[in-house]
Structure formats: structure tokens, C-alpha cells
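Enquirer: This is the structure, below, for whatever I ask next.
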Amino acid sequence: MQVIETLAEGLKRELKVVIPADEMQTRMNERLADVKDRVRINGFRPGKVPVAHLKKVYGKSIMAELVNEIVRDKPTEILTSRGEKSATQPEVAMTEDEAEADKILKAEADFEFTLAYEIIPAIELKDATGIKVTREVVEIAEDEVNEQILRIAESARTYESKKGKAANGDRVTIDYLGKVDGVAFDGGKDEDAELVLGSNRFIPGFEEQLVGVKAGDEKTITVTFPADYPAANLAGKEATFDITVKDVAAAAPIEINDELATKLGLESADKLKEIVRGQIESQYGSVTRQKVKRQLLDQLDELYQFETPERLVNAEFENIWRQINTDLEQAGKTFADEDTTEEEARAEYRKLAERRVRLGLVLSEIGEKAGVQVSDDEMQRSLFEQLRQFPGQEKQILDYFKNTPGAAASLRAPLFEEKVVDHLLSEVAVTDKTVSKDELMAEDEAEDKPAKKAPAKKKAAAKAEAGEGEEAAAPKKKAPAKKKAADDSAE
């Protein structure tokens, strides 16, 4: 086998691979000899079929198998022998000439193919001890814990039917039918809907018009959907709702005690307070982690500057660009609405893609050199977390990860990255700084880079750049919006 390098520009490589016809012939003969005793052909005793006849009957199919095996296995072998790692799966090109292909299958011509790929650049690891990060820490105030417990208690409070008019804080049970221009619209109908007046769960003006109703009342109210309502067919439209009031109930007093804790499946009010405090600490800890990681990656980005594989950057850019356009479409906006142009946005997000790829390669190299490993137990826990997020779809998810190439890697990658970050944080200088809740939750100016205002989800992309994932979308009210009240529970 001959391997001839035909292109070496930057990270791009192209190789011509030639396997002589006589070598292909030898391989085919070995394969024929292997199957000789196993084939059954009419007119011949087992094991007595002449090789020439076997070749006539099975030659081309065996040669096709050999070609496929060579194309499948040889690229990895060749790259290993060259000490190279391909950034993506190498592209394999073979002759498209039918006559030439027929000669190859008959072992009458050399088998030639080309490999085109980009190598992962050699990365010389640099001393990270000069990196300094500040870890912002919030001291959890007792009032904040109590406030959260109060919200939990409000979500668990009971209601008792009452006679008389509904007031703010009362729960009404209603049937409703929404119409625009006299025509009912999708999502505008419900029965036995429970609504606490003053909770602002429904669109503006809806709850206010129910103050004063009594059980048995029928009423038609008029409201206007917000201009930024997510359903474009309803945004800014005036609508009427035919209401039938079935029940009015007053809220029972809130008491923070062991009885409340028992309702929530806990043994005591002290245990409830302990859990709530832990959850608040976890929430703040997550933000702290994101900010520390962003500082770390920003400094790594300054330390490491090298050419990135174009194909990896293209793939990353396409993922970002697809999300950006989806966000714009859902928001009903254009690039002009975001004070930019498509060309400028493309340039900015291309830079973001390059940064992601470069930092990914750096973290991978650091982790490999440090011997960072992701255990089977960690992978299993990550998979279980995926299953927990999609109840009822467990089988489909398991089948996906079992049958989809690269799916397991998508679970491993974020776990590996976080472990590499932990490794780096054990080496760099970390200074703790006590801050207020508002200071911790304030957006970093760094998130707004590059300088121009970016299109939809710019800050989300900046966070994703630091490995934080997508920014949570603000809760949106439905028609009339069975929006889940914020902080319904301790979770």
C-alpha cells in the first residue's frame, strides 16, 4: 500500500492511497480460500468447488466487501501511523468511472482512493498558575429563606368555598371561552380552571374583571393580548371571554409549622428550612460556578491562539446560527430590530464558534494530559437525568443513545469539560469575595462581547460560550395563560 501526501496547507491534508491490484488479488484469494469449504454450489461436493469458479461466482461481491473494509478501517490506521488526529471524519473519494470500478472489482486495476481531512493542531500546554479568578459568594440571609418558605406555603395552602363576592386572594373556579372577532380561538377554552385572583397568571386585565363575581355568575369580559404575546395570531388583539363562575373559595391562613412540612413529605419545619436553604445555596452556587468558569475560559482564550479546524468551526457556527434564527423567528423579530445586520451577526457568531472550538480543543488537551476520566457511573447518572427530564419517553431516549453514533459522546463531553474545569481550578489562584445577591445575579459586561448589540439570545450565546448552556426564557403568559406561578415549590 502506498500513501502519498498531495496536500498540506495549514491544517488541511489530502492523501492518495494506492493498493496494487496484485495485493487486492491476494486478499481476494485468501477470502475465497476461507469460504471454499463453507459454500454450497449445485454440481460440486462441499470443499471441491474450483477456485476459478468461486471467483467467477463470488469474486466481485468479495472484492466489494474488501473495498468497503479498506475504506472503513484504513483511514484510522493511516492517520495513526502519521501521528495525526482528524478533526472530523475524513472524506473518502473513489473513482466514479464505472469501467474503472469494474476493473478494480476484478482485481485488474489498482485500488486508489483519496482522504481529505483537517488535523487537530498540536497544542503546547502553558502554565496556568498565572490565571486568577474571583469566586463570588453570597451569604444566605434568614429572611430570604423564610420568604422562600412562605412562597412554598402559599402554593400548598388550602381554600374553602365561601358565599359572597370574590376578592383578591380568593380562588375562583371557572369555565371560559375566548373569542377574537366573535370566533373562538385555539387554547382559549377551559373548564374547571382554578385561578387565584391577583396572582397575575392570566393576561393583563383578566383577573381584575373577576373581582366581585359570585358562584353561579355568568360574565363576558374584554381584554387585549400583549403586543409581544408569543402567539402571533393573538398578539395585540382584543378578545372577549365568556365566563361561568362555578365556585369562589377563600384562602386558609398560612402557618409555617410541622404540619406544613408533613404535607410536603418532610418530617419537620426545621427540615423544610434546611432543604430550602440548601436549594438557595445550590442556585447561587450555580451562578457562581458559571461566572468563575467564564473568567477561566476568558483567560485561557487569551493564553491560546492557534488556527482552528475549519470544518469544526463550520459545524459549530451552523448550530449557533440555527438557534439564533429560531429565536428571531419565535420572537417575530429581524436582525434590523436587534440593531444589526445579518452580515454583521454572521461575523460575530463566526468568532464565537471559533472561540468555542479553540477552547474545546484546549480543554480536551489539558484533560487528556491530566488523565481526566469520566466514569461509567457518571455517564449513567447523566443518562438518568436525561430520562428524568422527559417522563414517558424513557424507551425512545434509551434507544436513541443506544443506536445513535456519537450520542454517548454528547453525554460525556459536558461531564469531561466540567471535570477539566475542576482540575484547572485546583491549579489557578481562586479568591473568594462576598457579594450581595444583586451583585451576584448582575450580568457580566463580558457577556456583551463582541461589542455590537447582537441579535436575539446574544447573552444566551455568550453564556453558552462559557459552557453554561442556554439562558432560560422568561415565563410567557398563555391565553388567558395558565402560567405556572413562579416558585410554586422548593424545587
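Enquirer: With all pairs of different alpha carbon atoms counted, what Kirkwood hydrodynamic radius in Å does the stretch 320-375 show? Can you show the working numbers first?
Expert: Details: mean 1/r = 0.0737 Å⁻¹.
About 13.6 Å, per the Kirkwood formula over Cα pairs.
Enquirer: Normalising by the residue count of the chain, find the relative contact order in percent from Cα pairs under 8 Å and 6+ residues apart.
Expert: Working: 660 pairs, mean separation 90.0, N = 491.
18 percent.
Enquirer: State to the nearest 20 debye the size of the charge dipole of the chain about its Cα centre, where the only charges are +1 on K and R beta carbons and -1 on D and E beta carbons. Write out the running numbers ahead of the final one.
Expert: Values: 74 positive and 100 negative charges, 323 e Å.
Once rounded to the nearest 20, the dipole reads 1540 debye.
Enquirer: Could you work out the relative contact order of the stretch 158-253, using alpha carbon pairs under 8 angstrom and six or more residues apart, expressed as a whole percent? Let's see the in-between values first.
Expert: Values: 212 pairs, mean separation 39.4, N = 96.
After rounding, I find 41 percent.
Enquirer: Further question on the same structure: For residue 271 and residue 401, FRET efficiency with R0 = 56 Å and r from the beta-carbon atoms, rounded to 0.05?
Expert: Result of the calculation: an efficiency of 0.95.
Enquirer: Please work out how much length the chain gains when fully extended from residue 375 to residue 162, using 0.36 nm per residue of separation minus the C-alpha to C-alpha distance, in nm with one decimal.
Expert: Working: separation 213, 0.36 × 213 = 76.68 nm, distance 5.83 nm.
Computed gain between residue 375 and residue 162 is 70.9 nm.
Enquirer: Roughly what would the spin-label model give for residue 333 and residue 4, points 7 Å off Cα along C-beta, in nm?
Expert: For residue 333 paired with residue 4, the spin-label model returns 5.6 nm.
Enquirer: Among 187-199, 90-102, 108-120, how do they line up by average Cβ neighbours within 10 Å per residue, starting with the highest?
Expert: Values: 187-199: 16.2, 90-102: 12.6, 108-120: 18.5.
Those peptides, ordered most packed to least, come out 108-120, 187-199, 90-102.
Enquirer: Which residues does a label at residue 437 reach in the stretch 108-138, if reach means a backbone N under 19 Å from a point 7 Å past the Cα toward the Cβ?
Expert: 136-138, by backbone N distance to the label point.
Enquirer: Work out, step by step, the length gained on full extension between residue 23 and residue 250: first 0.36 nm times the residue separation, then minus their alpha carbon distance; give nm to one decimal. List each step's numbers first, then the result.
Expert: Working: separation 227, 0.36 × 227 = 81.72 nm, distance 8.88 nm.
Between residue 23 and residue 250, full extension yields 72.8 nm more.
Enquirer: Which far-off residues, 5 or more places away or on another chain, put their amide H under 5 Å from the one on residue 237, with H placed in the peptide plane?
Expert: 225
Enquirer: Could the peptides 271-282, 403-414, 139-150 be put in order, highest first, of the mean number of other beta-carbon atoms found within 10 Å of their residues? Mind showing how you got there, number by number?
Expert: Numbers: 271-282: 16.1, 403-414: 11.8, 139-150: 14.0.
The peptides rank, most packed first, as 271-282, 139-150, 403-414.
Enquirer: Could you give the size of the charge dipole of the stretch 158-253 about its Cα centre, using +1 on the Cβ of each K and R and -1 on the Cβ of each D and E, expressed in debye and rounded to the nearest 20? Walk me through the numbers before you get to the answer.
Expert: On the way: 11 positive and 17 negative charges, 59 e Å.
Here the size comes out at about 280 debye.
Enquirer: State in Å² the accessible area per residue of the chain; use a 1.4 Å probe, count heavy atoms of protein chains only, and round to the nearest integer.
Expert: Details: 28400 Å² over 491 residues.
Here the residues of the chain average 58 Å² of exposed surface.
Enquirer: Determine ³J(HN,Hα), in whole Hz, for all residues of the stretch 355-367 in sequence, where each value follows from phi through the Karplus function 6.51 cos²θ - 1.76 cosθ + 1.60 and θ = phi - 60°; x replaces Gly and Pro.
Expert: 4, 4, 5, 4, 5, x, 5, 5, 4, 4, 5, 4, x
Enquirer: Work out how much length residue 71 to residue 382 would gain on full extension: take 0.36 nm times their residue separation and subtract the Cα-Cα distance, in nm to one decimal. If you can, show how the numbers build up before the last one.
Expert: Details: separation 311, 0.36 × 311 = 111.96 nm, distance 3.44 nm.
Net length gain for the segment: 108.5 nm.
Enquirer: Using all C-alpha to C-alpha distances in the chain, build P(r) with 20 Å bins and read off the rounded percent in each one.
Expert: Histogramming the chain at 20 Å steps yields 15, 36, 29, 15, 4, 0 percent.
Enquirer: Can I ask one more? What list of ³J(HN,Hα) values in whole Hz, one per residue of the stretch 422-428 in order, does the Karplus curve 6.51 cos²θ - 1.76 cosθ + 1.60 (θ = phi - 60°) give from phi, with Gly and Pro shown as x?
Expert: Going residue by residue, I get 4, 4, 5, 5, 6, 9, 8 Hz, with x marking Gly and Pro.
Enquirer: To the nearest Å, what is the center-to-center distance of the stretch 294-317 and the stretch 53-117, using C-alpha atoms only?
Expert: For the stretch 294-317 versus the stretch 53-117, the Cα centre distance is 35 Å.
Enquirer: Moving to a separate point now. From the phi of every residue in the stretch 136-146, what ³J(HN,Hα) in whole Hz does the Karplus formula 6.51 cos²θ - 1.76 cosθ + 1.60 yield, where θ is phi - 60° and glycine or proline is x?
Expert: 7, 10, 9, 7, 6, 7, 4, 4, 5, 5, 5
Enquirer: So how exposed is residue 157, as accessible area in Å² (1.4 Å probe, rounded to 10)?
Expert: About 70 Å², ignoring ligands and nucleic acids.
Enquirer: Bins of 5 Å, beginning at zero and ending with the bin holding the largest distance: percent of Cα pairs per bin for the stretch 158-253, please.
Expert: Once binned at 5 Å, the Cα pair distances of the stretch 158-253 give 3, 14, 25, 24, 16, 10, 6, 2, 0.
Enquirer: What are the residues whose amide H is under 5 Å from the amide H of residue 138, where those residues sit 5 or more places off or on another chain and H is modelled from the backbone?
Expert: 435
Enquirer: Sorted from largest down, give the three principal axis spans of the alpha carbons of the stretch 101-236, whole angstrom values.
Expert: 95, 55, 29
Enquirer: Pairs 263/437; 74/419; 273/293; 132/369: which are spaced more than 28 Å apart, C-alpha to C-alpha? Could you put the intermediate results ahead of the total?
Expert: Values: 263/437 30 Å; 74/419 33 Å; 273/293 30 Å; 132/369 21 Å.
Where the Cα-Cα span goes over 28 Å, the pairs concerned are 263/437; 74/419; 273/293.
Enquirer: Calculated FRET efficiency, residue 410 and residue 321, Cβ-Cβ r, R0 25 Å, to nearest 0.05? It would help to have the intermediate numbers written out before the result.
Expert: On the way: r = 19 Å, r/R0 = 0.77.
My answer for the efficiency is 0.80.
Enquirer: So how far apart, in nm, are the two label points at residue 181 and residue 341 if each is 7 Å from Cα heading toward Cβ?
Expert: With each label placed 7 Å out from Cα toward Cβ, I get 3.8 nm.
Enquirer: Rolling a 1.4 angstrom probe over the protein chains, ignoring ligands and nucleic acids, what is the accessible area of residue 222 in square angstrom, nearest 10?
Expert: Spelled out: residue 222, probe radius 1.4 Å, area about 70 Å².
Enquirer: Between 260, 116, 234, whose Cα lies farthest towards the positive end of the dipole of the chain when Lys and Arg beta carbons carry +1 and Asp and Glu beta carbons carry -1, centred on the Cα centre?
Expert: Value: 116.
Enquirer: Which cross-chain or sequence-distant (5 or more) residues have an amide H under 5 Å from the amide H of residue 189, H modelled 1.01 Å from N in plane?
Expert: The list, which skips near neighbours in sequence, is 178.
The values are calculated or read from the model by the stated rules, or taken from the named source; none is laboratory data. From a predicted model like this one, the values you see are computed outputs, not experimental measurements. So basically every Cβ, Gly included, is an ideal-geometry build from the backbone, and we count neighbours across all protein chains shown. Side chains included, ligands, DNA and RNA excluded: accessible areas come from the protein's heavy atoms. Shrake-Rupley method; radii C 1.70, N 1.55, O 1.52, S 1.80 Å.
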